[in-house]
1. Expressed as a rounded percentage, what relative contact order does the chain have, with Cα pairs under 8 Å and six or more residues apart?
2. ³J(HN,Hα) across segment 399-404 via Karplus (A = 6.51, B = -1.76, C = 1.60, θ = phi - 60°), whole Hz, x for Gly/Pro?
3. Quick check for me: using +1 on Lys/Arg Cβ and -1 on Asp/Glu Cβ, what's the dipole size of the chain about its Cα centre, in debye to the nearest 20?
4. How big is segment 194-261 in terms of Cα radius of gyration and Dmax, in angstroms?
5. Where does the charge balance sit around GLN416 when Lys and Arg score +1, Asp and Glu -1, over other residues with C-beta under 13 Å from its C-beta?
6. In 10 Å bins starting at 0, how do the alpha-carbon pair distances of segment 86-244 split up by percent?
7. Given labels modelled 7 Å from the Cα in the Cβ direction, how far is it in nm from ARG243 to TYR77?
8. List the residues whose amide H sits under 5 Å from the amide H of ARG325, counting only those 5 or more places along or on another chain, with H placed 1.01 Å from N in the peptide plane.
Amino acid sequence: MTFCAQQTSEQSDKLLIKCEDETRHPHCPHGPTLLFYMKDKGPEEGFYACAAYRDRKLCNYLVPVKDLNSKHLNRIYYNLGREYRAIREKFWDETYEKEKHYCLTCNVPLKESDLQPHTEHNLLRSLSENSLKDPTSFLLPIDNAKGNAQYYFDLKALKFFENCLRKLEISKILCIGAPRLHGYLRNHCKDWLHSFLLDLDHRFHYFYDDEEFAWYNMCNNFFFDECQRRKFIRFFKIKSSQRLLLFTDPPFGCRTEPIINTLRGLSKLFNEINLLPHQPLPTFWIFPYFSEQYIQAECSAFEMCDYKINYINHLSYTDNGHKFRKLGSPVRLFTNVPLEMLKLPVREGYKYCARCERYTALENHHCNKCNKCPSKNGATYRHCLNCGICVKPYYVHCVNCQRCTQKEGHNCAEYQTKQTCRTCNKQGHTELKCSLRKV
């Protein structure tokens, strides 16, 4: 996974991103940069920075728009793809040596003759065939919160995704930043499902050939290796009997604008390759429930499913351990697939709501006044007659703000500037100060 500019309500208001037509932007080592600029100054006062990393220690590329010149636009970076491919070919060549090992210290695959310099390192010796089929079973997840932060789905989530794919009769799936799912599907569903992985983690070069993996930056839709891109294009071509779904698990620090731009670009490419009229690809997007407003602001077709997604290596985004959240994981599935087509597992705490005609969480009680199951965060919401909507159970109604808030005694003026108006659906004010309000 990768991180770009962090998504916060304050930053979303002030710092904007221009990611359309990013192929004309100057490149850093991680592909086309993104154009960042302040809302009150405009793009001409902005700067180009790395799409993948928000930590200058990981990528220090930063060029103000006013300083951009041909040197920046024409710079070419050395591509490591060939070196990674050569390492893979040696690793899988069993002509002279069959035993396969891996150095977790150096993050490099080894044969027997390569072991000597690594004897004092953290070595995995004689990797089994089953382990090699899914390298996420032994690779250490990258945990740099400002770089590549990886979290792997637990088994319940993987089985839920598998059941959804079967129900939807999907025959091809493009896994973007979801190596755990790719490894699971290629081992458990290969008789009916073809999976292709796009990921920024170069280590997967060593275990997957170009027929199922491409080194890729999801924040700017960039392929590092042209050979892999051509193989991907072949995968993207489908027969009339096949159905393809796009699955993405971006890091939660990602801004939604570049992700949406990438999804649109891939949908456009898919339609062009298959000579189809413009139509969005069926998509599963894994993201926290509290990012719903950002996703729907960019693409209103995405709805949030109630299923709580757990990770095996996250302390709080799970359903076990001493730090797990009482309301369950905040991670959800956002999709443009009709929610009534997704069956949530009853044994895991879900039910079918006949009035909503879809599966919801047990604690998500249907509200007759709102005519929906309103809960987002895992709590049972209550209806506020003054607001006319359902709110979190611990919210209290503020007379000054004329809406429910987290606590009494808050700063009304400050609170209102961070809210989304229910009249115009814009952020920065409440209905009281909306220009569309009827006096």
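The values are calculated or read from the model by the stated rules, or taken from the named source; none is laboratory data. As the structure is a computational prediction, the values presented were derived from the model and not from experiment. FYI the Cβ positions are ideal-geometry reconstructions off the backbone, even for glycines, and counts take in every protein chain you see. Just so you know, the surface numbers come from the protein's heavy atoms only, side chains and all, with ligands and any DNA or RNA stripped out. Shrake-Rupley method; radii C 1.70, N 1.55, O 1.52, S 1.80 Å.
1. Numbers: 787 pairs, mean separation 48.9, N = 439.
Once normalised by length, the contact order is 11 percent.
2. 5, 5, 7, 6, 7, 7
3. Values: 63 positive and 49 negative charges, 317 e Å.
Here the size comes out at about 1520 debye.
4. Using the Cα atoms of segment 194-261, the pair Rg, Dmax is 12.8, 38 Å.
5. Values: positive: ARG403, LYS418, ARG422, LYS426, LYS433; negative: GLU414, GLU431.
Charge balance in the 13 Å sphere: +3.
6. That works out to 9, 35, 36, 16, 3, 0, in percent per bin.
7. 3.8 nm
8. THR318
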